[in-house]
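Remarks on the structure that follows.
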Amino acid sequence: MAAPHLIAFDADDTLWSNQPQFDQVEARLLEILAHCGDAARITEQLNTVQRQNMKLFGYGAKSFMLSMIETAIQLTDGAVTGTYIQQILDLGKELLRYPIEPLPGVVEVLTELRRRGHRLMVLTKGDLLDQESKLARSGLGDFFDYVEIVSEKDEATYRRLLARYNALPGEFFMIGNSLKSDILPVAQLGFRAVHVPYHATWIFEHVDPEKLEGLEFHAVTDLRDVLAYLP
């Protein structure tokens, strides 16, 4: 196999932990709004609000914070107090500044791929300032030649980026934890994708298994396993 032209890594839950922090904040929201109903009802309402808001607010902590506030307003019929709103704002701020630690094996893999001469990219979706801040807090920035932060990771986005970097199907790898964002669109375009599952997955990143039928992609159980797969 020829050396790939470019190797792109997803960020959240591939390079560092992200979903567990959101899950913790959501659990605390359930405690704050416990007087509004049981956990299932609150979670269902929050998911409905998030689904409606994603096209307006995009992804990330700020979008999640706004959706939490809107959920509180709806569940209390507009009677939510400023005290509760402030508590939710504080939860959102925690998501914007929590310490970022690379996941096991990340530094080892990036160091080896740089040694082999590969060009490396961070390719992540979400809020620009938030994602830039997380990359800076991770201490991983110097490993990467390119950083691309996009509003969505779909076929159109990948097609545009791959054209910009003049990447041919045999010259590009996408490595990430999300079947929906990192694997499905890349494989559908005929490029190479490597799935590295994470123990926590956002509900909106789940994929119907039927959509993956017939698609070719590689799967590993540990990020360090990509070193045996990549030249």
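Computed from the coordinates by the stated procedures, all read-outs in this text should not be read as laboratory data. Model, not experiment: these values are computed from the prediction. Backbone-built Cβ (ideal geometry, glycine too); neighbour counts: all protein chains shown.
Sort 139-152, 172-185, 205-218 by packing, meaning the average of other beta carbons within 10 Å per residue, with the highest value first. Intermediate values should be presented prior to the final figure.
Numbers: 139-152: 15.4, 172-185: 24.3, 205-218: 11.7.
The densest-packed peptide leads the list: 172-185, 139-152, 205-218.
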Over the stretch 30-138, what is the mean sequence separation of C-alpha contacts under 8 Å (at least six apart), divided by residue count, expressed as relative contact order in percent?
28 percent
Measuring from the longest principal axis of the C-alpha atoms of the chain, the long axis of helix 39-57 (C-alpha) lies at a number of degrees, nearest 10, equal to 60 degrees
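Which order do peptides 98-106, 77-85 fall in by mean Cβ count within 10 Å, highest first?
Answer by packing, highest mean first, reads 98-106, 77-85.
Could you work out the relative contact order of the chain? I mean the mean sequence separation of Cα pairs under 8 Å and 6+ apart, divided by the number of residues, in percent.
Working: 318 pairs, mean separation 61.2, N = 231.
Relative contact order, the chain: 27 percent.
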